[in-house]
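Engineer: Below are the structure tokens for one structure; questions will follow.
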Amino acid sequence: MSTTLFSPINLGNTSLTNRVVMAPMTRSRTSQPGDVPNDLMATYYGQRATAGLIITEGAPISCVGRGYSMTPGIYTQAHIDGWKKTTQAIHQQGGKVFIQLWHVGRRSHESITGETIVSASAIKEADQVFGPLPDGGFGMIETGMPREMSQEDIQQTIDDFVQAAKNAMEAGFDGVEIHGAHGYLLDQFMRKASNQRQDNYGGDKDNRMRFMLEVTQAVADEIGGDKTAIRLSPFVTEGYAEADDEIIDLTLAALKKMVPINLAYVHFSENISNYTEATEAFRQQARAIYPNPIMVAGKLTKETAQELIEKGYADLAAFGQPFITNPDFVYRIENNIGLTPIGYDAHSTFYGGDEKGYTDYPAAIA
């Protein structure tokens, strides 16, 4: 019997009923003050628990790691207690959930973090994030100028990732996904344009991947490799003016180094922002190097996702925006029921607000 999107799969000791994953999507619905996960969020995620795996929106691991206002943290007891509502809602429906651990690095502003933002090097790129507006309210604001992280900052950030992973386990998550993609902090260390360091975290490819690998290894050592995953985006240029001509080779080399960690999965985010298509050669190389589960996300359809799985290039397929307007997305695609499209109203309620455009989308069968 051939493997399909709807075949079960095990990620270590975590058994998934299917290979359809709800991708992480920032929605900015936390309770204030404190950016605390709440009942509304628990309802939202619980509605979508038929996904084989849910990956939550990015959860900042610290104040300085925060890049978007009203995103749910995972660094205080209030965050832990708030997230318990979501994990319980998902588990009550028989679902599984990983939290995405997030440090945005330079893609932020001090009005969001409360302190000077940080990066691999003190280099600013023209960029905007969702933050407080001068006249009140929230909207898109220009990012600030980062300072270069010291060795002490780097170690503190590794410790912050580890503590966030421990907090996630206390909150009831089945695992964590480290965000190493989309021009955020770990990606900033991996790319030449944002990393011009002269120490052992800058320069050649081995040095530029060092921080990402150290974070991943430290988290896996703390909670187990089978509960740890990482997201990468070598074909996406987000937060940079130009693509990096070494990022593909760096990613393949890093994959080889991650094999012994026995991660739950490696997640490739594709086809968003400025991007080039992932090549067949890359997929073949990645599969040859990496024997553990691979997940792919990026404007997939049922058909393109199934093709990736049938070819052996991916073991899991993640879908983002279709899950916003289709809480029963898995049921719909398995039974060839039409999807509720992403309309203008949906775009206007992506970030912030209340239940409108969040928990009020109906299932195909009530």
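The values are calculated or read from the model by the stated rules, or taken from the named source; none is laboratory data. Computed from a predicted model, the values in this text were never measured in an experiment. FYI the Cβ positions are ideal-geometry reconstructions off the backbone, even for glycines, and counts take in every protein chain you see.
Engineer: Select, from Glu303, Glu307, Glu277, the only residue that is of a type in the set (D, E, K, R), more than 26 Å from Val219 (Cα to Cα) and touching a residue at least 40 places away in the same chain (Cβ under 8 Å).
Structural biologist: On the way: Glu303 fails: touching a residue at least 40 places away in the same chain (Cβ under 8 Å); Glu307 fails: touching a residue at least 40 places away in the same chain (Cβ under 8 Å).
On inspection, the qualifying residue turns out to be Glu277.
Engineer: Here are Asp199, Asp153: which of them is part of a loop (DSSP other than H, G, I, E, B) and charged (D, E, K, R)? I'd like the intermediate steps shown before the answer.
Structural biologist: Values: Asp153 fails: part of a loop (DSSP other than H, G, I, E, B).
Going through Asp199, Asp153 in turn, the sole match is Asp199.
Engineer: Moving on. Name every residue in the stretch 122-138 that is among the small types (Gly, Ala, Ser), surrounded by 12 or more Cβ atoms within 10 Å (Cβ to Cβ) and within 23 Å of the chain's Cα centre (by Cα), in order of residue number.
Structural biologist: Taking the stretch 122-138 and keeping what is among the small types (Gly, Ala, Ser), we get 122, 126, 131, 136-137.
Still in the running and surrounded by 12 or more Cβ atoms within 10 Å (Cβ to Cβ): 122, 131.
Once the filter is applied, which keeps residues that are among the small types (Gly, Ala, Ser), surrounded by 12 or more Cβ atoms within 10 Å (Cβ to Cβ) and within 23 Å of the chain's Cα centre (by Cα), the stretch 122-138 yields only Gly131.
Engineer: Can you go through Gln188, Gln156, Gln198, Gln163 and tell me which one is touching a Gly at 6+ places or on another chain (Cβ under 9 Å) and at pLDDT 95 or above?
Structural biologist: On the way: Gln156 fails: touching a Gly at 6+ places or on another chain (Cβ under 9 Å); Gln198 fails: touching a Gly at 6+ places or on another chain (Cβ under 9 Å); Gln163 fails: touching a Gly at 6+ places or on another chain (Cβ under 9 Å).
So the residue among Gln188, Gln156, Gln198, Gln163 that is touching a Gly at 6+ places or on another chain (Cβ under 9 Å) and at pLDDT 95 or above is Gln188.
Engineer: Could you check, for the stretch 49-71, whether at least one of its residues is among the small types (Gly, Ala, Ser), more than 20 Å from the chain's Cα centre (by Cα) and either within 18 Å of Ala168 (Cβ to Cβ) or buried (at least 22 other Cβ atoms within 10 Å of the Cβ) (or both)? Before you say what the answer is, go through the steps one by one.
Structural biologist: Within the stretch 49-71, the subset among the small types (Gly, Ala, Ser) is 49, 51-52, 58-59, 62, 65, 67, 69.
If we keep only those that are more than 20 Å from the chain's Cα centre (by Cα) too, we end up with none.
For the stretch 49-71, residues among the small types (Gly, Ala, Ser), more than 20 Å from the chain's Cα centre (by Cα) and either within 18 Å of Ala168 (Cβ to Cβ) or buried (at least 22 other Cβ atoms within 10 Å of the Cβ) (or both): absent.
Engineer: Quick one: in the stretch 24-48, which of the residues that are closer than 26 Å to Pro132 by Cβ and among the charged types (D, E, K, R) is surrounded by the fewest Cβ atoms within 10 Å (Cβ to Cβ)?
Structural biologist: Asp39
Engineer: Here's something else I'd like to know. Only one residue in Ala193, Ala264, Ala218 is surrounded by fewer than 20 Cβ atoms within 10 Å (Cβ to Cβ), in contact (Cβ under 8 Å) with a residue 60 or more places away in the chain and closer than 26 Å to Met169 by Cα. Which one? Full working, then the answer.
Structural biologist: Details: Ala193 fails: closer than 26 Å to Met169 by Cα; Ala264 fails: surrounded by fewer than 20 Cβ atoms within 10 Å (Cβ to Cβ).
The unique qualifying residue is Ala218.
Engineer: Still on this model: Within the stretch 176-224, restricting attention to residues that are among the small types (Gly, Ala, Ser) and within 17 Å of the chain's Cα centre (by Cα), which residue is farthest from Glu270 (Cα to Cα)?
Structural biologist: Step one: list which residues in the stretch 176-224 are among the small types (Gly, Ala, Ser), which gives 180-181, 183, 193-194, 202-203, 218, 220, 224.
With within 17 Å of the chain's Cα centre (by Cα) added as a condition, the list becomes 180-181, 183, 220.
Values: Gly180: 13, Ala181: 10, Gly183: 13, Ala220: 25 Å.
Selected residue: Ala220.
Engineer: For the stretch 280-289, indicate whether the set of residues that are farther than 18 Å from Phe235 by Cα and out of contact with any Leu (no Cβ under 8 Å at 6 or more places or on another chain) is non-empty.
Structural biologist: Among the residues of the stretch 280-289, at least one is farther than 18 Å from Phe235 by Cα and out of contact with any Leu (no Cβ under 8 Å at 6 or more places or on another chain), which makes the answer yes.
Engineer: Same structure again: Quick check, is Gly357 small (Gly, Ala, Ser) and at negative phi?
Structural biologist: Working: small (Gly, Ala, Ser): yes; at negative phi: no.
No: the conditions fail for Gly357.
Engineer: Kindly indicate whether Gly202 is touching a residue at least 60 places away in the same chain (Cβ under 8 Å), farther than 20 Å from Ser108 by Cβ and small (Gly, Ala, Ser).
Structural biologist: On the way: touching a residue at least 60 places away in the same chain (Cβ under 8 Å): yes; farther than 20 Å from Ser108 by Cβ: yes; small (Gly, Ala, Ser): yes.
Considered against the rule, which asks whether it is touching a residue at least 60 places away in the same chain (Cβ under 8 Å), farther than 20 Å from Ser108 by Cβ and small (Gly, Ala, Ser), Gly202 comes out as yes.
Engineer: Among the residues that make up the stretch 158-171, is at least one of them basic (Lys, Arg) and outside any loop (DSSP other than H, G, I, E, B)? Lay out the reasoning, then the answer.
Structural biologist: Step one: list which residues in the stretch 158-171 are basic (Lys, Arg), which gives 166.
Now restrict to residues that are outside any loop (DSSP other than H, G, I, E, B): 166.
The answer is yes, given that some residue of the stretch 158-171 is basic (Lys, Arg) and outside any loop (DSSP other than H, G, I, E, B).
Engineer: Something else about it: Condition test on Ile154, is it farther than 26 Å from His267 by Cβ and either crowded, with 24+ Cβ neighbours inside 10 Å or β-branched (Val, Ile, Thr) (or both)? First the steps, then the outcome.
Structural biologist: Values: farther than 26 Å from His267 by Cβ: no; either crowded, with 24+ Cβ neighbours inside 10 Å or β-branched (Val, Ile, Thr) (or both): yes.
No, not satisfied.
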